[in-house]
Structure formats: structure tokens, C-alpha cells
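Structure first, then comments.
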Amino acid sequence: MNESPTTTLTADRIFTTGMRDQWHAICPSDFVERGGMKRITRLGENWLLYRQSDGTVRMLADRCPHRGAPLSLGQHLGDRIACRYHGIEVDGDGTVVSVPGMPGCNLEGKQLVRSLPVREVAGAILAWVGIDPAAEPGPLELPGPLVDEDTAAFLCYAEWESPWRWAMENLLDPMHGAFLHRDSHTMFAGGTTARFRIRETDRGFFFEKTDQRGVNFDWVEFCRTGIDWVDLEIPYPPTAGPGGPFGIVGIGTPIDERRTAVFFWRYRRVTGWERDVWQFLYRTKLEERHWHVLEQDRVMLEHMASDADQAENLYQHDLGVLRLRRLYRAQAQEQAARAGELAAN
């Protein structure tokens, strides 16, 4: 999808393509090698990711400031990109540093391409997507399991043909584990009936079963720490090796209205020889099983009708889903109002 810099950020558009003024997971770090370039769509907009010769990742709007040609078809020049159309050179901050066809042109020295602040964390590239391109990025508190030295984590990445909210709602629905994933090696135990509650935290809320804990996918915590993510635990059988419960940090980033980039860091709290044992078991035995579980989610979500959420009959198990929708709908309206104010000034 080709986005214009003047595209109106309505509440509906934000609700379908993702919240602004926060950090988002963009893609795995190894998608962009040193000296490499990658065109990518996130939050309904096209971007160019490139890694400078010193290893620094840059993220620019995929639009040359001269005639709007895609910079992703250009040439990598170490610390800048040269547009293939007319040779305009743009650096990682979005500043035009050279106009080869007309040296001294008044475009030179101007910051004319949107550049997003980026960070690399636990094998992934994160970016701040703000409403006001000139504003500084907000604070970012990283998910604890991704920065804890006593935790070993593996990143699993996939792209689903499903709206991003459905991917997030799937994680806020622990009850589906007892049905959709019942034939998995971890979620076969426990009851198929339950009562749930929402428990507030200083960074979001827990959605959890009131009558079962440590048996199946029994709880999930939705966290807002500058980036939206969920944390959950699934009990492991003894055959899965040392480390206690198996944890997942999950993030769903909108690609556009219909597609989602999903990030799942699978982790266990293990150190020393136990870390080595678990990492070996994961790579040789468990990883394939985890992909099987994710495929069950993907197939279900991708086969839902595009208007599935318009003809629902919800009940008590869906309190977490409803809470998430209301939160995002209210935030989308607030952000659309702010975007309108910025556009008017």
C-alpha cells in the first residue's frame, strides 16, 4: 500500500492499522544484513530498512522527496541511499545530502524524508511510530524476559493473513488453548470449563482463570510499557527438560488492515548447564511442536470472515477481548483527534 504523507489518520484507520505514539516490533534483525536494504510495510505504510556499513539500522519512509519514487529501488552507499530515479541521496535521518544533477540545489541539507527511531532488542528491530514526526520518541521499558540474563529466549516470527487485533485478541483468550490446542504436548490437561477475572496491574492487566492455575494456558498479562506485549506461561512436562514453565512474550504488529507480523519469544528461566540442555532440546525436539501450535492459531484466524467481529455473541470468557477492544478504540479516537489538530496547525 502506498501511503501519502498527507493521509488522514482517522480513528477507523488507526484502529485497523495500529496505534501510533508507541514502539512496535518491525521484523527480525537478520532480515537486514550489513550493507543490505529491505522494503517493508508496517501500520499500512511502506518503509525502507537498511543497515549502514557500521551496522546501524535505519528506517525511512519509502519515498524519495524529489518525485516520490521508492528509495528501496535505490543504491546503498554505506551511510545513505541514492534514489535510482534521479540519484538524490538521503541519509539515515531523512536529510537530503546530495542532488547530483544540480549541486547546490535548495533540497540539500533539508530533512524531507520521515525517519523513525529504531532499536534492536532480542533479535528484533523495534521502531517508534509517532503521530508528530518531529516529536521525540516516548520511553520504552522492554519485556523483562527479553533482557533477563537468567532467561533464555528464542524468537519465532511469522506473517499472518489476519487483522492485527485478532492476533492480539487470540492471546487474550486463554480458553481457546483447552480446545484448539488440546492435542498439543503442553495444553492437553485441565478443565474445559472455567471462570475468568480481570486483575489490574501497574502496566496493564491480567486476564486469568479463577479456578485453575499452572495446568494449561491459564492466564495472560497484557502489558503497556511503551510497546504493547503479552506475557503468558504454559506448564511443561518433565520430558521438556529443566527450567520450569514455558513462557511466551507475544507481540502483533499490523502490516496493513488485513495482515499481521507476529513475534513470539519462547523463553524459560534457566542458567548454566540447564540452559544448554533446554536450548538443545528446543532446537532438536520442541521447536517443531511449537510451530504446530502456532499453525493451529494461524489457520483459525486466517479462515475467519473479514466481518467476523460484527456478528458475535460473546460471553464471560471474552472479557479480556472486550477490554482490549475498548482500550484500542478509545485510544484510536484520541490519537485521531490529535492528528487532526496537528494537521490544522
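Just a few scattered comments:
- Per-region count, segment 242-292, residues in a helix (DSSP H, G or I), hydrophobic (A, V, I, L, M, F, W, C) and open to solvent by 20 Å² or more (accessible area, probe 1.4 Å): 5
- Number of positions in segment 120-147 that are among the charged types (D, E, K, R), in contact (Cβ under 8 Å) with a residue 40 or more places away in the chain and open to solvent by 60 Å² or more (accessible area, probe 1.4 Å): 2
- Condition met for Arg298 (outside any helix (DSSP H, G or I) and touching a residue at least 60 places away in the same chain (Cβ under 8 Å)): no
- Set Leu107, Leu71, Leu9: member being touching a residue at least 24 places away in the same chain (Cβ under 8 Å), under 30 Å from Gly250 (Cα atoms) and aliphatic (A, V, I, L, M): Leu9
- Of all residues in segment 66-75, those that are within 12 Å of Met37 (Cβ to Cβ) and either among the hydroxyl-bearing types (Ser, Thr, Tyr) or buried (at least 16 other Cβ atoms within 10 Å of the Cβ) (or both) total 4.
- Residues in segment 100-119 that are crowded, with 17+ Cβ neighbours inside 10 Å and within 30 Å of Phe154 (Cα to Cα): Ser115, Leu116, Val118.
- Residues of segment 76-99 classified as open to solvent by 20 Å² or more (accessible area, probe 1.4 Å), assigned to a strand (DSSP E or B) and not β-branched (Val, Ile, Thr), total: 5
- Unmet requirement for Val230, which otherwise passes all of (1) closer than 25 Å to Leu327 by Cα; (2) touching a Pro at 6+ places or on another chain (Cβ under 6 Å): (2)
The values are calculated or read from the model by the stated rules, or taken from the named source; none is laboratory data. The shown structure was predicted, so the numbers you read here are calculated from the model rather than taken from an experiment. Virtual Cβ from ideal backbone geometry, glycine too; neighbours counted across all protein chains shown. The protein model used for the area step is the full one, side chains on, heavy atoms only, and it has no ligands, DNA or RNA in it. Shrake-Rupley method; radii C 1.70, N 1.55, O 1.52, S 1.80 Å.
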